[in-house]
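Nothing in this text is a laboratory measurement; each read-out follows from the coordinates by a stated rule. Keep in mind that this is a model prediction, so the values were computed, not measured. All Cβ positions, glycine included, derive from the backbone under ideal geometry; neighbour counts span all protein chains shown.
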Amino acid sequence: MNNKMTLNNTSLNKTSTLHHQGTKNNEIQTTSTRLKQQVLLTPATISKNVLDMLHALLDSAKSISVYTIEEEVIEHLVEIWGWVNTTTASFLKFPHKIVYCNKKAYVEEHLNFGKKLASRYRPKETFYHEVASDWIQLLSCHIAQLDALLTECIKFEQWYDRAKTLFSSLDRPSSERPSFTTLNELYEQSLEYPSEYVDLVKNTAQEYIVAYSWIQEASEALTSSPHKQKLKIDEAKSLISRGEKLKVFPSELKLLRQQLRLSRNFASKVKKIKVEKADIQITDLQSFIKEGAELLIEMPNEMEKLKQATCGYCLCRQPYEGFMIGCDCCGEVS
């Protein structure tokens with residue numbers, strides 16, 4: 001605060017209390033008149049000339065021994081203009097450099113200062129209102145724009161943190177990684193942001209394309225159809241391996257792992273069958289054949305072994321499918 005005595009409009013009439021009352025009063029009233037004549041401008045007409053005039057008025061007020069409402073208004077307007085000018089040049093002119101370059105704290109600090117400037121406005125002071133109302137409107141308009149910019153900063157920061165977490169998920173087991181739904185949400189949100197400013201936006205789009213393509217391929221492989229070629233076991237392993245390199249954990253990856261596990265269990269059970277020892281019933285073989293047919297992964301060797309075991313032999317040696325009277329080869333009956 002200025003070390004001068006404070007003088008309000010009412011005390012202008014009490015000139016008997018002032019030192020060098022005549023001269024000082026004239027200087028104060030001259031300043032007030034010039035201010036009202038030259039600063040009652042709309043925001044659109046504010047220019048460097050107005051700013052120069054304000055500084056000149058401040059300089060002339062230095063010779064006045066009291067701190068007047070006029071001087072207070074001038075100082076306020078100079079601060080407002082400086083803040084507005086900085087806001088336009090540094091924030092609103094190139095908003096992408098603010099939103100996408102981690103400048104949220106800078107925006108918050110500048111915005112808070114602008115709100116403090118607005119809080120100093122005293123509309124009940126007639127002179128203050130007459131001179132500064134248009135400037136306060138300009139200030140309020142820029143505060144609103146900066147508030148909107150801060151909202152975008154916060155929104156982008158939240159998206160960035162989530163995307164960064166997703167891209168660090170390879171350090172975790174695949175089952176603990178985010179779902180494809182999370183990646184899809186991040187991708188849709190990233191469409192609002194320019195990839196030329198943020199590499200993470202571009203990386204998110206690329207990862208989405210890779211994951212989406214893999215899911216389409218896996219979904220096709222998991223679809224059962226009588227006329228569709230089944231997935232070979234090597235193809236299943238390759239598909240699972242590529243799925244495990246994704247930064248998300250699609251539900252299709254879990255299903256493929258289950259199918260691979262079922263296929264391996266099936267192969268293990270068939271391997272234990274000793275057809276030549278006739279230690280298995282025909283109904284058991286038929287049950288194995290049905291199980292193999294229901295698998296989504298092709299098991300050609302195992303299926304061939306089972307089919308061979310169910311035909312062309314007598315029940316006394318190996319399984320035979322259908323009713324027999326005698327052996328086709330040796331004539332033995334059973």
Fill in the blank from the handout: Between the residues 123, 88, 136, the Cα farthest towards the positive end of the dipole of the range 87-147, that dipole coming from +1 and -1 charges on the beta-carbon of Lys, Arg, Asp and Glu, is from 88
Handout entry: Check: the range 142-297 dipole with +1 on Lys, Arg Cβ and -1 on Asp, Glu Cβ, in debye
Key = 1220
Practice task
State, to one decimal in nm, how far the label point of residue 271 lies from the label point of residue 113, with both points 7 Å from Cα in the Cβ direction.
Solution key: 7.4
Completion exercise
So the FRET efficiency between residue 145 and residue 120, C-beta based with R0 = 30 Å and rounded to 0.05, is 0.90
Problem - Contact order normalised by residue count of the range 189-314, Cα under 8 Å, 6+ apart, percent - result: 26
Handout entry: Cα-based Rg / Dmax (Å) for the range 106-154
Key = 12.4, 40
Fill in the blank from the handout: Each label sits 7 Å from Cα toward the beta-carbon; between residue 154 and residue 308 the label points are separated, in nm, by 7.2
Problem - Neighbour cut-off at most 12 other Cβ (10 Å), DSSP loop, trypsin sites (Lys or Arg not before Pro), the range 51-141 - result: 62, 93, 124
Problem - In nm, spacing of pseudo-spin labels at residue 206 and residue 161 (7 Å Cα→C-beta vector) - result: 2.6
Completion exercise
Scoring only Lys, Arg, Asp and Glu (+1, +1, -1, -1) among other residues with Cβ under 12 Å from the Cβ of residue 86 yields -1
